[in-house]
Amino acid sequence: MEKSNPFTDRVLEIIRAIPRGKVLSYGQVALLAGAPRGARQVGRILYARGRSVPWQRVINRYGGLSTYKVGTGPEQRALLEKEGVVFTKDGIVDLKKYQWRPGAHMIEKLQLPEDVVFEINRKLPFQK
DNA sequence: ATCTTGACTTGCC
DNA sequence: CGGCAAGCCAAGA
C-alpha cells in the first residue's frame, strides 16, 4: 500500500474536495498539492489508494480517461455519468464545462508557496 | 546504486 | 487536441 506521507495525504484531501459532477486533471491535483510536476505520482497514488476517494473525478488533461490502461475505464465513465457528466462522441469530457475551480478559501487553506498559487491562477482559469 | 516503468504533461509541429 | 519526443519523479527490481 502507498506510504502515508504529507504529499499523499494532501492529494487525497484535494480529491475529496472535488464536488460531484466536477473533475480535475492529475496535473491540477498535483499542483494544488504543492507539486507542480507530480502528475504521475497522483496517478500512482490513485492506483494504490483510489478506492478511498472519489477517484472517478480525476482525469487527464485532454478530458480523457487514463484508466482504460488499467481496466477501470468503463467503471469510471459510468460513475461520472451517474453524477451528471456528459461525454462527447469521442469519449472525452469537456473540461471547459466540468473542470472544478477551487474557491479562494480552499487555496488559502492549503498554505501554498506564492509561485504555486501563481501557477494555479494560470492553469485553472475561469472559463465560460 | 543503477535501470526500467508508468491512472502524466508540455512543447512543437 | 491528433502525433511524437522529451521531461518528470517515485516505486520496484
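Here A:ALA104 passes the criteria (1) free of Cβ contacts under 8 Å to residues at least 60 places away in the same chain; (2) surrounded by 12 or more Cβ atoms within 10 Å (Cβ to Cβ); (3) out of contact with any Ser or Thr (no Cβ under 6 Å at 6 or more places or on another chain) except the one numbered (2). Assessment of the range A:42-53 against the conditions (within 11 Å of DNA strand C (Cβ to nearest atom), in a helix (DSSP H, G or I), of a type in the set (D, E, K, R) and in contact (Cβ under 8 Å) with a residue 24 or more places away in the chain) yields at least one matching residue.
As a summary of the residue check, A:PRO54 satisfies the conditions (1) near DNA strand B (Cβ under 7 Å from one of its atoms); (2) more than 19 Å from A:VAL117 (Cα to Cα); (3) of a type outside the set (Val, Ile, Thr); (4) under 11 Å from the mean Cα position of the chain (by Cα) except for the one numbered (1).
Residue-level analysis places A:ALA48 outside the set of residues that are of a type in the set (A, V, I, L, M), out of contact with any Lys or Arg (no Cβ under 6 Å at 6 or more places or on another chain) and surrounded by 17 or more Cβ atoms within 10 Å (Cβ to Cβ).
Taken over the range A:75-94, residues that are away from DNA strand C (no atom under 14 Å from the Cβ) and either modelled with pLDDT under 95 or of a type in the set (Asp, Glu) (or both) amount to 3. Taken over the range A:84-101, residues that are outside any strand (DSSP E or B) and over 11 Å from A:VAL23 (Cα atoms) amount to 7. Residues in the range A:57-78 that are within 17 Å of A:LEU24 (Cα to Cα) and either near DNA strand B (Cβ under 7 Å from one of its atoms) or outside any helix (DSSP H, G or I) (or both): A:VAL58, A:ILE59, A:ASN60, A:ARG61, A:TYR62, A:GLY63, A:GLY64, A:LEU65, A:SER66, A:THR67, A:GLN76. When we screen A:PRO19, A:PRO36 for residues that are more than 10 Å from DNA strand B (Cβ to nearest atom) and on the phi < 0 side of the Ramachandran plot, the only hit is A:PRO19.
The values are calculated or read from the model by the stated rules, or taken from the named source; none is laboratory data. Quantities reported herein were computed from a predicted structural model and do not represent experimental measurements. Note that each Cβ is placed from the backbone with ideal geometry, even for glycine, and that neighbours are counted across all protein chains shown.
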